[in-house]
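Below is one structure, written out as structure tokens; comments come after it.
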Amino acid sequence: MVRYALCFVLAPFILLGCLTAPVQKESIELPIPDFVSLINTEALKEITAEDIENQILKANNQSWIDDYIDKDFLTGHVNRQDNSFFIQVDKEHTERNIYLIRPVYEAYKVMHHAALADGVKLVITSGHRTFIEQVVEWELRWNNPGTEVSFANDVEKAKFLLQYRAMPGTTRHHWGTDIDLNSFEISYYETREGQKMFNWLKENAAEYGFFQPYTVNDAKRPKGYKEEKWHWSYKPLSQIMLTKYIELVEIEDISGFKGEGAAKRLPIVSDWVCGINPQLFNDE
């Protein structure tokens, strides 16, 4: 397993923040590793997870994190078409109009190539989401929860939705570090194809920096969303984003959508934002 020194340093601060949790900046050019020139070449066979880690950490230093990653970015209030921080995913990797932050996409392309070599085709079905995009997703379900159960109040309704839906302003998809792959349907992962895909990711994704944030709810992850086998997060950057989220975002910032009042009556940050796979907190 690749050791992420930066993650090791940040882990105690993230855990502390989760336990105690309650002006758009000028666009910058983000330096990224030159993986593009290596794709589809013999050199690609020599790329290791350590190479990816080293280049990413060199290219992404604390200065641009502090200068660019602000509250607006973390809660999805960005216009990704107007800055170079984001890159559109090629049609080779998705059938949709999807964006990611650049280092995440470069690392994904290496993983995608490795999966193909093992007979597994990965397709990105969701990446970065703006606040408005998450509002649309949340309110579609808020208006039609998909159950005949009547809810006593908005808090109970929100808790039902929070099994698989994130409130706007709280989803990891705002960070551009997380991807959904292949299918959102639980039944897909009962098929031979779905099982092969998920088993490959469990065995190999960490070598490329990707971890499943929403694993089974058990003693290791007792709180938060239900398991999402399709959702994978790029740890070297998402861990930094989580640290900044805890530092900068207040509960008052989680508003502007139907049911927003429930956010103030639920432990949204500690139980949902921080209710993730422990591997994303530490260096194991």
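Quick notes on this one:
- The condition of being within 22 Å of Val273 (Cβ to Cβ), touching a Ser or Thr at 6+ places or on another chain (Cβ under 7 Å) and either at pLDDT 95 or above or open to solvent by less than 20 Å² (accessible area, probe 1.4 Å) (or both) holds for only one of Thr215, Thr170, Thr177, that being Thr177.
- Pair list, Cβ < 7 Å and 6+ apart or interchain, from the stretch 177-202 residues that are more than 18 Å from His113 (Cα to Cα) to residues that are crowded, with 18+ Cβ neighbours inside 10 Å and among the β-branched types (Val, Ile, Thr): Thr177/Ile101; Thr177/Val104
- Which numbered condition Pro213 misses (of (1) under 27 Å from Glu133 (Cα atoms); (2) touching a Pro at 6+ places or on another chain (Cβ under 8 Å)): (2)
Quick grid of which residues meet (1) in a loop (DSSP other than H, G, I, E, B); (2) closer than 26 Å to Arg165 by Cβ; (3) open to solvent by 10 Å² or more (accessible area, probe 1.4 Å); (4) not charged (D, E, K, R):
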{"residue": "Glu92", "(1), (2), (3), (4)": "yes, no, yes, no"}
{"residue": "Val104", "(1), (2), (3), (4)": "no, yes, no, yes"}
{"residue": "His113", "(1), (2), (3), (4)": "no, no, yes, yes"}
{"residue": "Leu122", "(1), (2), (3), (4)": "yes, yes, no, yes"}
{"residue": "Val136", "(1), (2), (3), (4)": "no, yes, yes, yes"}
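- Ala262 meets all of the listed conditions (1) within 20 Å of the chain's Cα centre (by Cα); (2) open to solvent by less than 10 Å² (accessible area, probe 1.4 Å) but one, namely (1).
- Residue satisfying condition, being crowded, with 23+ Cβ neighbours inside 10 Å and of a type in the set (Ser, Thr, Tyr), within set Ser233, Ser255: Ser233
- In the stretch 165-210, residue farthest from the chain's Cα centre (by Cα) [restricted to those that are under 23 Å from Asn282 (Cβ atoms) and among the polar types (S, T, N, Q)]: Asn204
- Extreme residue, farthest from Cys274 (Cα to Cα), among residues of the stretch 180-206 that are out of contact with any Leu (no Cβ under 8 Å at 6 or more places or on another chain) and of a type in the set (A, V, I, L, M): Ile186
- Criterion violated by Asp154 - all others in (1) surrounded by fewer than 18 Cβ atoms within 10 Å (Cβ to Cβ); (2) over 29 Å from Leu248 (Cβ atoms); (3) in contact with a helix residue (DSSP H, G or I) (Cβ under 7 Å, 6 or more places away or on another chain) satisfied: (2)
The values are calculated or read from the model by the stated rules, or taken from the named source; none is laboratory data. Please read all numbers here as calculations on a predicted model, not as lab measurements. Every residue, glycine among them, receives a Cβ derived from its backbone with ideal geometry; neighbour counts consider all protein chains shown. These accessible areas exclude ligands, DNA and RNA; they are computed on the full protein's heavy atoms, side chains included. Shrake-Rupley method; radii C 1.70, N 1.55, O 1.52, S 1.80 Å.
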